[in-house]
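**Q** Here it is: the structure, laid out below.
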Amino acid sequence: MAALKPSRRIHDLFAVNPQATLQLGLWVALSIVLMTVDHRYHTLDGARAVLATGLYPLHYLARAPADLRDWLRTNLAGRTVLLDENAQLREKQIFLNAQLQKLTTLEAENRRLRSLLESAVNTPERVLIAELLAVDFDPYRHHILLNRGRQHGLYVGQPVLDQQGVIGQIIRVDPLTATAILITDPNHALPIQINRTGARTLALGTGHFQELELPHIPNNEDVKVGDLLVTSGMGGRFPRGYPVGTVTKVEFDPGSPFAHIVARPVAQLDRIREVLLLENAPDTAQPAAAAAAPAQP
Amino acid sequence: MTTAHATGGWVIACSFLLAFLASSVPLPDELSRFWPDWVAMVLIYWRLALPHRFGIGTGWWIGLLVDVGRGALLGQHALAFAAVAYLAGQTHRRLRLFSPWRQAFSVLVFLLVKQFLVFWISGVIGYPPRDGWYLAPAVGGMICWPLLFVVLRDVRRYFQIT
């Protein structure tokens, strides 16, 4: 009996608990059901919203170190640095004001011409500023979490911009937060237009922050490196004329009907801190909600 | 005894909270590639240390919270974490005998399984990983395991969580 004891202990070390295996099976089954429901039917959005609101303070806590660093930088900056910055900003302000003057006259002219053509007048969009709370950890899925939600009037499909250009669109709205998909997400397609020639196509996300792909441009189309891409307004989600990217590579392959064209987003997607949310005039936003949806919202 | 249980739950919750924060800290690119999933590692620790209090279901619920926090598909991390809790639970008798460094290799396997499951599900819903880098956080986790193990063990002993 005494000799048996140690061997049984060793055996214990390798014991497999069949009950645990059964348990695992049940939990896995539950996960699969949950994932299917969440992915196909979106009926769990309410539950998710409740949980997301509970987790809201966590995101703020996670941001605390970065916020502290920013705070220290602004508060401990030397006087000369601040004066320098101030002078630079003032200069920029003057420059921008000069451009703005031109813009007002152009806008007025544009409106007059449009009314002459009897086309719809572009209503000016309202803009809301949101801050970035978190970036999706999954490197192959470019989603960002913003600190504004349904409470602030956000809606699914709302365009998201930064100072330079288009970033993406809102795909999920929770009470206090919202998730946006970036234009570089592999599942995102954005209707665009080449500013110089007016040729229309899509800008597809590639999963790289610096790359967009432009499919369906014929080999004989006039595209050059450096061409600016702007939103075409097709599909109705994005208003017309916002900068999206610049063409960085044009390759003609005689064997294929379409050119291989790569562009770089003008917005710095990997270092976003604050974003602008455009609010379309409701009558233009509603009908086309489905048209420009990402392949898998 | 009852007070020890109460404090214990509080400490465990805090450890998960900190792990979640550690996973969400914005980092430079080179580091973030290897930045381990701290929540999964803390889960492995508590599953090894307190298998009677900390079951597969607990792992599943923590995974679900991670799903919500990261905006992932509901159930994606839950499934992976349940699998990790299962693996850790089945081997905890052996792993407890090992030194932290030897444990680290088993932890590597658990984390690889977790990464694989999470990204496999991503692939199914149309986000396949582009290259093998998605497994790198598991390696980072292996490297960090001995440190985490020692810290959490001391915490557990200090608060006398059993």
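**Q** With (1) farther than 30 Å from B:PHE20 by Cα; (2) in contact with a Ser or Thr (Cβ under 9 Å, 6 or more places away or on another chain) as the list, and A:VAL81 as the residue in question, which single condition is left unmet?
**A** Unmet condition: (2).
**Q** Please specify each residue of the range B:64-82 satisfying the condition of being under 12 Å from the mean Cα position of the chain (by Cα) and more than 8 Å from chain A (Cβ to nearest Cβ).
**A** Hits for the range B:64-82 are B:VAL66, B:HIS77, B:ALA80, B:PHE81.
**Q** All but one of (1) surrounded by fewer than 18 Cβ atoms within 10 Å (Cβ to Cβ); (2) without any contact (Cβ under 8 Å) to a residue 60 or more places away in the chain hold for A:PRO186, so report the exception by its number.
**A** Exception for A:PRO186: condition (1).
**Q** Looking at the range B:18-35, can you tell me whether even one residue there is over 13 Å from the mean Cα position of the chain (by Cα), modelled with pLDDT of 90 or more and over 26 Å from A:ALA15 (Cβ atoms)?
**A** no
**Q** Quick one: which residue in B:TYR134, B:TYR86, B:TYR158 is assigned to a helix (DSSP H, G or I), surrounded by fewer than 22 Cβ atoms within 10 Å (Cβ to Cβ), hydroxyl-bearing (Ser, Thr, Tyr) and at the interface with chain A (Cβ under 8 Å from one of its Cβ atoms)?
**A** So the residue among B:TYR134, B:TYR86, B:TYR158 that is assigned to a helix (DSSP H, G or I), surrounded by fewer than 22 Cβ atoms within 10 Å (Cβ to Cβ), hydroxyl-bearing (Ser, Thr, Tyr) and at the interface with chain A (Cβ under 8 Å from one of its Cβ atoms) is B:TYR134.
**Q** So is B:GLY71 crowded, with 21+ Cβ neighbours inside 10 Å and in contact with a strand residue (DSSP E or B) (Cβ under 9 Å, 6 or more places away or on another chain) or not?
**A** In short, yes.
**Q** Six or more apart or on different chains, Cβ atoms under 9 Å: show the pairs whose first residue is in the range A:72-95 and among the small types (Gly, Ala, Ser) and whose second is not in a loop (DSSP other than H, G, I, E, B).
**A** Note: pairs meeting the criteria are A:ALA77/A:GLU85.
**Q** Output the residue which, of all residues in the range A:13-71 that are of a type in the set (Phe, Trp, Tyr) and assigned to a helix (DSSP H, G or I), is farthest from the other protein chains (Cβ to nearest Cβ).
**A** The selected residue is A:TRP71.
**Q** Inside the range A:169-230, counting only strands (runs of 3 or more DSSP E) that do not spill past its ends, which hold 2 or more residues that are over 12 Å from the mean Cα position of the chain (by Cα)?
**A** A:189-194, A:200-205, A:212-214
**Q** Collect the residues in the range B:35-59 that are within 11 Å of chain A (Cβ to nearest Cβ) and of a type in the set (A, V, I, L, M, F, W, C), keeping them in residue-number order.
**A** B:TRP35, B:VAL39, B:ILE56
**Q** Scan (1) in contact (Cβ under 8 Å) with a residue 60 or more places away in the chain; (2) closer than 25 Å to B:THR58 by Cβ for the single condition A:ARG63 breaks and write down its number.
**A** (2)
**Q** Moving to a separate point now. Go through the residues of the range B:93-110 one by one and say whether even a single one is more than 9 Å from chain A (Cβ to nearest Cβ) and closer than 30 Å to A:ARG172 by Cβ.
**A** Within the range B:93-110, none of the residues are more than 9 Å from chain A (Cβ to nearest Cβ) and closer than 30 Å to A:ARG172 by Cβ.
**Q** Just give me the residues in the range A:224-264 being farther than 16 Å from A:ARG200 by Cα, touching a Ser or Thr at 6+ places or on another chain (Cβ under 9 Å) and of a type in the set (Val, Ile, Thr), in sequence order.
**A** The one that is farther than 16 Å from A:ARG200 by Cα, touching a Ser or Thr at 6+ places or on another chain (Cβ under 9 Å) and of a type in the set (Val, Ile, Thr): A:VAL225.
**Q** Could I ask something else about it? Considering B:ILE121, B:ILE143, B:ILE125, which residue is within 14 Å of another protein chain (Cβ to nearest Cβ), surrounded by fewer than 19 Cβ atoms within 10 Å (Cβ to Cβ) and β-branched (Val, Ile, Thr)?
**A** Residue meeting the stated conditions: B:ILE125.
**Q** Quick check on the range A:157-181: of everything there that is within 14 Å of chain B (Cβ to nearest Cβ) and within 26 Å of A:LEU229 (Cβ to Cβ), which residue is surrounded by the most Cβ atoms within 10 Å (Cβ to Cβ)?
**A** Of everything passing the filter in the range A:157-181, A:GLY168 is surrounded by the most Cβ atoms within 10 Å (Cβ to Cβ).
**Q** Hey, another quick one. Looking at the structure I just gave you, is B:GLY57 modelled with pLDDT of 90 or more, over 25 Å from A:ASN17 (Cβ atoms) and in contact with a helix residue (DSSP H, G or I) (Cβ under 7 Å, 6 or more places away or on another chain)?
**A** Spelling it out, it is not the case that B:GLY57 is modelled with pLDDT of 90 or more, over 25 Å from A:ASN17 (Cβ atoms) and in contact with a helix residue (DSSP H, G or I) (Cβ under 7 Å, 6 or more places away or on another chain).
**Q** Sticking with this one: Give the range B:31-57 a look and list any residue that's out of contact with any Phe, Trp or Tyr (no Cβ under 8 Å at 6 or more places or on another chain), touching a residue at least 12 places away in the same chain (Cβ under 8 Å) and assigned to a helix (DSSP H, G or I), or say none.
**A** Passing the criteria: B:PHE34, B:LEU48, B:ALA49.
**Q** Right, next: Quick one: would you say B:LEU148 is modelled with pLDDT of 90 or more and buried (at least 19 other Cβ atoms within 10 Å of the Cβ)? Working first, answer last.
**A** Values: modelled with pLDDT of 90 or more: yes; buried (at least 19 other Cβ atoms within 10 Å of the Cβ): yes.
Yes, satisfied.
The values are calculated or read from the model by the stated rules, or taken from the named source; none is laboratory data. From a predicted model like this one, the values you see are computed outputs, not experimental measurements. In this analysis, Cβ positions are derived from the backbone assuming ideal geometry, glycine residues included, and neighbour counts consider all displayed protein chains.
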